[in-house]
Structures are given as C-alpha cells and as structure tokens.
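Only one structure is covered here, and it is reproduced in the block below.
The values are calculated or read from the model by the stated rules, or taken from the named source; none is laboratory data. Note that the structure is predicted; figures quoted are calculated from it, not measured. Cβ sites come from the backbone with ideal geometry, for glycine too, and all protein chains shown count toward neighbours. Please note that ligands, DNA and RNA were not included when accessible areas were found on the heavy atoms of the full protein model with its side chains. Shrake-Rupley method; radii C 1.70, N 1.55, O 1.52, S 1.80 Å.
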Amino acid sequence: MRYLTFALAKGRLADQTMDLLERIGMPCEEMKEKTRKLIFVNEELGLKIFLAKTSDVPTYVEHGAADIGVVGKDTILEEGRNVYEMLDLELGKCRMCVAGPAESKEKLENSHSLTVATKYPKIARDYFYNKKHQTVEIIKLNGSVELAPIVGLSDVIVDIVESGATLKENGLQVLEEVCPLSARVIVNRVSMKMEHQRITEVIDKIRNLIKEDTK
Ligand code: PRP
C-alpha cells in the first residue's frame, strides 16, 4: 500500500489535528514522544505525517510531497497554491482585519496615499486593489505588525485578530474585516484522483467528527 502523507503546520494546529486523526482511528504513537523528529510513520496504516513551517504546507501539497495538508486559511490565501481546499476544521477561528488607530479611519476611506503594513501582502493587495479598488502602498513585515502604525511606518495594518487583545493593548482597533479564518484541509490535485477513496474516507470521518462536536 502506498503511504498516505500528511503535512501539518507545526505547533498547536498540528497537535489538534493529531487528536482528530487519533479519534478517527489513525493514531501516530511516535509523535507523542518528546522529539525533534519532523516525520513520523504508522506502518500498519500506511500513514506518514510530517511537520512543516506553516507557510510551506501548501507548497508540499501542491508538489505532491504530501497528499493532504492542514493549515490556516490565511496561509492558503497568501500562498495561492494550486490545491483543493476540502474541509473547514473550524479550529483556530479568527479574522483577517484592517486595523489601526481611530485617526486612520478617515484616511482609510478617502485617501489615495494610504500605507498598509502586513505579513500578508497578497491578501492585502487582493483586498485593497481587487475588492475596494483602492490604490495603497503595501509594506511587508515579518511579525509584531501592530508596531507599524504606532511608530509611524504605516497608516493601518492588515493582520490576524483573534481575541483583539494585541490591538487593544497597543491603542489600535479593527477598522474593516477582510475575511474570517480557520484551519482547513487541503489536498493535492493528483492525489485526489489517485487516492480518491482513501482521502475522501479520511475527510468524511473528520467531517462527521466535527459535526458531532458542534452539535
Ligand atoms: C498574531 C497576530 C496578532 C495576534 C492577534 O500574532 O499577528 O499580532 O496574534 O491575536 P489577539 O487578537 O488574540 O491578540 P502572533 O502571535 O502569531 O505573532 P506575530 O506578531 O509575530 O505575527
């Protein structure tokens, strides 16, 4: 039997996904040990699971190095890879937002010289250029994006808002919502044909589990 390979985004989401896989009868005992290993195998089930940097998960899936990936919608949108998005796991729910100081509200609506700082330049570009038809300058940052409007690098930011605590504690607020986010299951396009039965079975089982949990 060919291995069915999963790419999981390292961290909390990988742990939550492992719980789901265990509950549908696809455990990977090896992963429970404290280890620096990145790839795990369940020979009996023909299962391989590896842990990748979040932004690389869609790349592994697009190229077929993994059949299935589990990653946030933010990463799927930003990476823009050619994969099937099959299921919303409804984990890690949050929102992609335009945020900034209250003073930026008016500039956001009327200005032609708005600067936007973000870890997600593609999502920001899609939102401002394609949805709002507004020309903006986008500045790519790699983290702690909330700093940008505070120190005068940008007027607003496009970033993930979960509890809203980071914004609040830095004197910023949500100005517009770009889209809701959560973890999704993505599948390689060729795998979907070659391993259709095994993949749809896994996805159906997870879907039923989520339905049960949200009842
Ligand atoms: C994320 C995001 C916000 C924060 C939102 O940052 O970029 O900064 O979490 O969460 P909250 O609404 O619950 O406060 P992350 O911790 O991933 O680090 P980063 O700043 O390096 O992106």
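In table form, for the structure just shown:
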item	result
In range of the label at Met194: residues from region 4-18 whose backbone nitrogen is under 12 Å from the point 7 Å along Cα→Cβ	4-5
Packing rank of 54-66, 103-115, where each peptide gets the mean count of other beta carbons within 10 Å, highest leading	54-66, 103-115
Length gained when the stretch Lys32-Asn110 is fully extended (0.36 nm per residue, less Cα-Cα span)	22.8 nm
Candidate lysines for bridging to Lys37, where Cα separation is under 17 Å - those fewer than 8 sequence places away on the same chain excluded	Lys10, Lys48, Lys53
Angle between the chain longest axis and helix 12-23 axis [Cα atoms, degrees, rounded to 10]	30 degrees
Most fluctuating residue given options Ala117, Ala102, Ala52, as computed from a GNM of the chain linking Cα atoms under 10 Å	Ala102
Magnitude of the charge dipole, region 94-179, Cβ model with Lys/Arg +1 and Asp/Glu -1, debye to 20	280 debye
Solvent-accessible area of Lys119 with every protein chain in place, 1.4 Å probe, in Å² to the nearest 10	80 Å²
Region 94-179, accessible surface, carbon-and-sulfur percent (1.4 angstrom probe)	47 percent
Distance histogram for the chain (every C-alpha pair counted, 5 angstrom bins, percent rounded to whole numbers)	1, 7, 14, 17, 16, 13, 10, 9, 7, 4, 2, 0, 0
Pair-distance profile P(r), taking every C-alpha pair of region 94-179, with 10 angstrom steps and integer %	20, 60, 20, 0
For region 36-76, radius of gyration divided by Kirkwood radius, i.e. Rg to Rh on alpha-carbons	1.00
Per residue value of the accessible surface for the chain (all protein chains in place, 1.4 Å probe), Å²	54 Å²
Within a Gaussian network of the chain (alpha carbon springs, distance under 10 Å), most fluctuating of Arg36, Arg95, Arg198	Arg36
Structure-based [θ]222 nm, the chain - -39500 (n - 2.57) summed over DSSP H runs of at least 4, per residue, nearest 500	-8500 deg cm²/dmol
Helix 196-213 vs. the chain, principal-axis angle (Cα, 0 to 90°, nearest 10)	60 degrees
